[in-house]
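Here's the structure we're looking at; comments come further down.
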Ligand SMILES: Cc1ncc(CO)c(N)n1
């Protein structure tokens, strides 16, 4: 089964995420607000592209189940998670000017680039595999943290986003569909391996994403020109 094989290989990155200082301090309630802000700013860029990649996979896949899942998830993202984020932005007073002035951090840029790359270098199925750690890892984190609860209201709301029954259900559906695609006789052993590799790299990127926010990661400081900002196109 794809999900078991892929998770077994990505395990160290998952464990690293569960125990990352960003997550630990989020639960304890004492995560620096600068780190959470930076996370949100970078994640806004990430989610915007994540949604676009869903649409590209939907257009390029010949599998009816994959197509339906990608269109539906793109819609859910638009009116679910991105809406919640909109509220966070308002509450933390993150204004368009701050968004426009914040360069995309290297890890956010690399993670997004990795997902697009699967469509160019490989196939819609491989790109699909690169999307799965996003929802699945956050759902696993949500499950673990839900019982603990954060004394910080805002951080608790972030946790709640990922600890819901709807989240668990949608991850279940994604896993069933990808396991089906992986086992399909049309999927060659080479493509199966590429799916696993794409999943593992995304898991590594997920792990790096916490460090990116925690350390307020930037491009090399001697660069005179910073890359473009994360502002919406
Ligand atoms: C980087 C990242 N991974 C996963 C999720 C969950 O959707 C998110 N919002 N951001």
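We did not get these values from a lab; they are worked out from the coordinates using the rules stated. Note that the structure is predicted; figures quoted are calculated from it, not measured. With ideal geometry, Cβ positions are generated from the backbone for all residues, glycine too; neighbour counts draw on all protein chains shown.
What order, most packed first, do the peptides 34-42, 22-30 have when packing is the mean number of other Cβ atoms within 10 Å of each residue?
Numbers: 34-42: 20.0, 22-30: 17.1.
Per-residue mean Cβ counts within 10 Å order the peptides as 34-42, 22-30.
Please report, to one decimal in angstroms, the Kirkwood hydrodynamic radius of the chain built from all distinct Cα-Cα pairs.
Values: mean 1/r = 0.0549 Å⁻¹.
Hydrodynamic radius (Kirkwood, Cα only) of the chain equals 18.2 Å.
Expressed as a rounded percentage, what relative contact order does the chain have, with Cα pairs under 8 Å and six or more residues apart? Don't skip to the end; give the middle numbers.
Values: 253 pairs, mean separation 91.1, N = 233.
After rounding, I find 39 percent.
Sorted from largest down, give the three principal axis spans of the alpha carbons of region 101-233, whole angstrom values.
Computed over the Cα atoms, the extents are 50, 42, 25 Å.
Taking 7 Å along the Cα-to-C-beta vector as the label spot, tell me the residue 52-residue 160 distance in nanometres, rounded to one decimal.
Taking the two extended label points, one gets 3.2 nm.
Sort 114, 86 by Cβ crowding within 10 Å, fewest neighbours at the top. Display every interim value, and only then the final one.
On the way: 114 16, 86 11.
Neighbour counts put them in this order, fewest first: 86, 114.
Could you list 7, 132, 119 in order of exposure, starting from the residue whose Cβ has the fewest other Cβ atoms within 10 Å? List each step's numbers first, then the result.
Working: 7 21, 132 24, 119 18.
Exposure proxy ranking, most exposed first: 119, 7, 132.
How far, in nm, would the chain grow between residue 30 and residue 188 when pulled straight, counting 0.36 nm per residue and subtracting the alpha carbon separation?
Working: separation 158, 0.36 × 158 = 56.88 nm, distance 4.79 nm.
Stretched fully, the residue 30-residue 188 segment lengthens by 52.1 nm.
Binning every alpha carbon pair distance of region 89-174 at 10 Å from zero, what are the percents per bin?
P(r) for region 89-174, in whole percents per bin: 15, 29, 38, 18, 1.
If you average over every viewing direction, what projected area does the convex hull of the Cα atoms of region 43-143 give, in nm²? Kindly include the intermediate steps, with their values, before the conclusion.
Values: hull surface 28.8 nm².
Hull-based average projected area comes out at 7.2 nm².
Give me the one-decimal nm value for the distance between modelled label points at residue 65 and residue 86, 7 Å along each residue's Cα-to-Cβ direction.
Distance between label points: 3.3 nm.
Please work out how much length the chain gains when fully extended from residue 217 to residue 11, using 0.36 nm per residue of separation minus the C-alpha to C-alpha distance, in nm with one decimal. Show your work: numbers first, answer last.
Working: separation 206, 0.36 × 206 = 74.16 nm, distance 2.41 nm.
Going from the current span to full extension adds 71.7 nm.
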